[in-house]
Every structure is written in structure tokens, then in C-alpha cells.
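Asker: Got a structure for you, written out below as C-alpha cells; questions coming shortly.
The values are calculated or read from the model by the stated rules, or taken from the named source; none is laboratory data. Not measured: the values here are computed from a predicted model. Here the Cβ positions follow ideal geometry from the backbone for every residue, glycine too, while neighbour counts run over all protein chains shown. When the accessible area is computed, the model is the full protein with side chains, heavy atoms only, and any ligands, DNA or RNA have been set aside. Shrake-Rupley method; radii C 1.70, N 1.55, O 1.52, S 1.80 Å.
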Amino acid sequence: MPYDGTTSDMWQHDNIEIMFDGDHTGGQFDGFSVEAFEDGAKRAWDAQAQMYVAIAASPTGQLVYNLGAADPWVSRPPWAEVTGVQTDTSPHYSLIEGAITPWDDLDWHGPGESRASLLEAGRIIGLEISRDLWQQADNFVDAILPCATCDLPTEPTAVASNSWARIKASLQP
């Protein structure tokens, strides 16, 4: 069945799921019981870490959706913006590119009640691209934000000097 543009149904179609823990402190951020939700877990839902689903094409134009209580405001500019391209020919091709704000403390009421993560060079954040590790940010991998002058370990990388990520980074002020 083709995707009809229903954001809450986006996760069932060709998509990418990405999770952020901006301060990398771990903890539960999703999967609360109905009883806990009724007792205040709505405040905790997505506060610690956030999970987003992005899709390359949508009949409504909305390509990113936060799977938490803060949607829709947290899934819209200036907090999140995604663009995509998808082909219907064989082989199937999808390209998704965007920007999403990680939060140290996300409050579903809005940005005035929330605290965005400080994304600075050399900082380690929690990051996951998976369907299997939702609910617990403790399982996220360490992602070191790039820094040209930081004393970071020099691990081999798949990003080559002529890759799109390096080219884009070189164009930033």
C-alpha cells in the first residue's frame, strides 16, 4: 500500500529512523505504559532523547515526524527540516537530507519550555539509526561532533576528502 501522507503511519513505509540524545546521558525516552503516561510520563516522553522518522516523498510535503508528544511543533522549521527525492523506477532510489534539533530537555508544550542541546565541536552525543533500540538512550552509540582543531582520536573513516559531507563542511563559514 502506498504512503498516504499520514504522519503517524510514516514509520511503516520506506523511511529512516534516527534517534538523538544530545547530552548523551542515556535513560528511557519512549515506550512508557498507558498508566505511566496518564500519571505524567507525557512530560518524560521524548524529554531525554528524541526519535524521528523521515521519508523521501510524501503527498502532504511533510517529510519528518517526531514519534513523541512534542509533534507537530518539533517536526517543523526552525526545529526540523527535511528534503527528499524518490524515484519510482527500478532500481528504487531515495535520498533524504535534513536538519533536526536534538534536545537535552524536550517539553511537549513548546520550545519555550524546552532546552536545545549545545552542539559544539568535540562534544559526544548519543546517536542511533535503527528500529531495534527505541525506549532506552543508554544503547545509543557515541558520536563525536567534528572539530578541526580538537585533540580527537584519529580513527579510520569512510568519509573521503571528496565526499558530499566533506564538500558541504568545507563550504560552511
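Asker: For a quick check of your reading of the model, give me the residue pairs whose first member lies in the range 111-123 and is touching a residue at least 60 places away in the same chain (Cβ under 8 Å) and under 15 Å from ASP21 (Cβ atoms), whose second is of a type in the set (Ser, Thr, Tyr) and open to solvent by less than 90 Å² (accessible area, probe 1.4 Å), with beta-carbon atoms closer than 8 Å and at least 6 apart or on different chains.
Answerer: Pairs that qualify, where the first residue is touching a residue at least 60 places away in the same chain (Cβ under 8 Å) and under 15 Å from ASP21 (Cβ atoms) and the partner is of a type in the set (Ser, Thr, Tyr) and open to solvent by less than 90 Å² (accessible area, probe 1.4 Å), are ALA116/THR101; SER117/THR101.
Asker: Here is a further query. Is there any pair linking a residue in the range 3-32 that is within 19 Å of ASP107 (Cα to Cα) to one that is part of a strand (DSSP E or B) and at pLDDT below 75, with Cβ under 6 Å and at least six apart or on different chains, and which?
Answerer: Between residues of the range 3-32 that are within 19 Å of ASP107 (Cα to Cα) and residues that are part of a strand (DSSP E or B) and at pLDDT below 75, the close pairs are GLN28/GLN136.
Asker: Look at the range 95-121 and say how many of its residues are among the hydrophobic types (A, V, I, L, M, F, W, C) and closer than 15 Å to ASP71 by Cα.
Answerer: First, the residues of the range 95-121 that are among the hydrophobic types (A, V, I, L, M, F, W, C): 95-96, 99-100, 103, 106, 108, 116, 118-119, 121.
From what is left, the residues that are closer than 15 Å to ASP71 by Cα are 100, 103, 106, 108.
Result for the range 95-121: 4.
Asker: Shifting gears a bit: Pairs please, first residue from the range 77-88 and more than 12 Å from ALA54 (Cα to Cα), second anywhere and in a strand (DSSP E or B) and open to solvent by less than 70 Å² (accessible area, probe 1.4 Å), Cβ atoms under 6 Å, 6+ apart in sequence or on different chains.
Answerer: GLN86/SER94
Asker: Okay, next question. I need a count of the residues in the range 119-144 that are part of a loop (DSSP other than H, G, I, E, B) and at pLDDT 75 or above.
Answerer: Residues that pass the stated criteria total 7.
Asker: For the range 91-106, name all the residues that are in a loop (DSSP other than H, G, I, E, B) and either modelled with pLDDT of 85 or more or touching a Pro at 6+ places or on another chain (Cβ under 7 Å) (or both).
Answerer: Here is the first cut: in the range 91-106, the residues in a loop (DSSP other than H, G, I, E, B) are 91-92, 101-102, 106.
Hits for the range 91-106 are THR101, PRO102, LEU106.
Asker: What residue, of PRO78, PRO156, PRO173, is at pLDDT 70 or above, assigned to a loop (DSSP other than H, G, I, E, B), farther than 21 Å from TRP11 by Cα and open to solvent by 80 Å² or more (accessible area, probe 1.4 Å)?
Answerer: Exactly one residue qualifies, and that residue is PRO78.
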